[in-house]
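Reviewing the structure listed below.
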């Protein structure tokens, strides 16, 4: 199992570096310009403009901590997109490439193959988030004196790793979809729909009473994002996402255990093969 995990991580090496360094550079830039940019935004009431509300800006920006808090939700969005991509590749991607038949001939039970894939997804998300925090850590010594005392490096550390549970949930959702559905594209669409759709739905829901009532049924409702900079980190939303991610992993294992290794067939078509 360990060898399979290492193989999976080697497959993801370039994507981990690309996503991690890219998002880390984005966060470093935001932290670097926050003190000067916050002053320019302080006179604008961006929270009253619907298009800004769609991107999570629900109030005016007056301090550097508020500005950084506005941009932090993009980490969850980007990590969700990465998780959807890597989760859909794990099983459905193997079938698309014609390597799933070889994979199941390994001297490992199917549940162990799924767990190895899931652990590789988990480690890759953590590695990307570590590189995200590195972006903050590199810039912090140069700007800490110009940022209000609300933000500390410890809070930036928490903010960097808080999207882990959200990313893991979406990764396990795509993994489960890939174990059930015939093509990687189908699993990817589901993961991206939940990620991108959930992000915008969560931001726009307060504008509509019916939508707002449905917020607890999508994962971004439990993503704390910039709130960890101005409030204390809450474990209950984080653990809720981990519980759902664990349930999706169990589903992925169940689907893969029952799956006939066929190429491009829907579940109801496999029974006749």
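The values are calculated or read from the model by the stated rules, or taken from the named source; none is laboratory data. Model, not experiment: these values are computed from the prediction. Here Cβ is always computed from backbone atoms with ideal geometry, including for glycine, and neighbour counts include all displayed protein chains.
Just one of the numbered conditions (1) at pLDDT below 85; (2) surrounded by fewer than 18 Cβ atoms within 10 Å (Cβ to Cβ) is not true of residue 21: (1).
Taken together, 159, 179, 127 contain a single residue that is crowded, with 24+ Cβ neighbours inside 10 Å and under 14 Å from the mean Cα position of the chain (by Cα), which is 159. Taking the range 71-125, which residues are out of contact with any helix residue (DSSP H, G or I) (no Cβ under 9 Å at 6 or more places or on another chain) and either in contact (Cβ under 8 Å) with a residue 40 or more places away in the chain or within 14 Å of residue 16 (Cα to Cα) (or both)? The answer is 98, and nothing else. Of the listed requirements (1) closer than 26 Å to residue 258 by Cα; (2) surrounded by 18 or more Cβ atoms within 10 Å (Cβ to Cβ), residue 135 misses just one: (1).
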